[in-house]
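The values are calculated or read from the model by the stated rules, or taken from the named source; none is laboratory data. Values in this document were obtained by computation on a predicted structure and should not be read as measured data. Quick reminder, even Gly has a Cβ in these numbers, built from the backbone with ideal geometry, and neighbours come from all protein chains shown. Ligands, DNA and RNA are excluded from the accessible area calculation, which covers all protein heavy atoms including side chains. Shrake-Rupley method; radii C 1.70, N 1.55, O 1.52, S 1.80 Å.
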Amino acid sequence: QVQLVESGGGLVQAGGSLRLSCAASGGTFSRYTMGWFRQAPGKERESVAAVSWSGGNIYALDSVKGRFTISRDNAKNMVYLQMSSLKPEDPAVYYCAAKDGYYSWNSDMYPYWGQGTQVTVSS
C-alpha cells in the first residue's frame, strides 16, 4: 500500500507559478498511474492531470493544457505538477492520487490519496 504526501501549495498572484510535489512511500511507485486532482469549495473533485507508470503517457484537463505539466521521477518516488499562468479559477485543494493500471479521470478509481495541499490565487 502506498502513502502519498503533497507539498508546494501556497498563495500566488494571478499569472504566477507554483510547483506541487507528491512524495510516495510504502509501495512500488513505478507500477502506479499517478494523478493530480483538485477540489474547490462547493465543487466536485476534478481530475487535472495524470501520468502513466512509465511517464510515457500524459493526460491533462483541457483548461490546464499549456499551463500545467505533470511529471514523475520513479527513482525518487516523486510526482510533480508544475503550474504556470495561474488563473482565478485554479484555486483549490490539490490532491495526489495513485492507482494500478491505466489512467482514469474518475477519482473513484484511485484507491490511494494524499492529504491535499491548498493553492490560492490572488487577483
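Data table
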| read-out | value |
| --- | --- |
| Candidate set: the stretch 18-33, residues that are of a type in the set (Ser, Thr, Tyr) and loosely packed, with under 13 Cβ neighbours inside 10 Å; chosen: the one nearest to GLU6 (Cα to Cα) | SER25 |
| Single match in VAL79, VAL64 (criterion: β-branched (Val, Ile, Thr), surrounded by 17 or more Cβ atoms within 10 Å (Cβ to Cβ) and touching a helix residue (DSSP H, G or I) at 6+ places or on another chain (Cβ under 9 Å)) | VAL79 |
| Some residue of the stretch 70-90 being in a strand (DSSP E or B), hydrophobic (A, V, I, L, M, F, W, C) and touching a residue at least 60 places away in the same chain (Cβ under 8 Å) | yes |
| Cβ-Cβ under 6 Å pairs, at least 6 apart or on other chains, the stretch 105-118 side free of Cβ contacts under 8 Å to residues at least 40 places away in the same chain, far side outside any loop (DSSP other than H, G, I, E, B) and of a type outside the set (S, T, N, Q) | MET109/LYS99 |
| Failed item, numbered, when CYS96 is tested on (1) in contact (Cβ under 8 Å) with a residue 24 or more places away in the chain; (2) more than 13 Å from the chain's Cα centre (by Cα); (3) open to solvent by less than 40 Å² (accessible area, probe 1.4 Å) | (2) |
| Some residue of the stretch 106-123 being more than 17 Å from GLU6 (Cα to Cα), open to solvent by less than 30 Å² (accessible area, probe 1.4 Å) and in contact with a Pro (Cβ under 8 Å, 6 or more places away or on another chain) | yes |
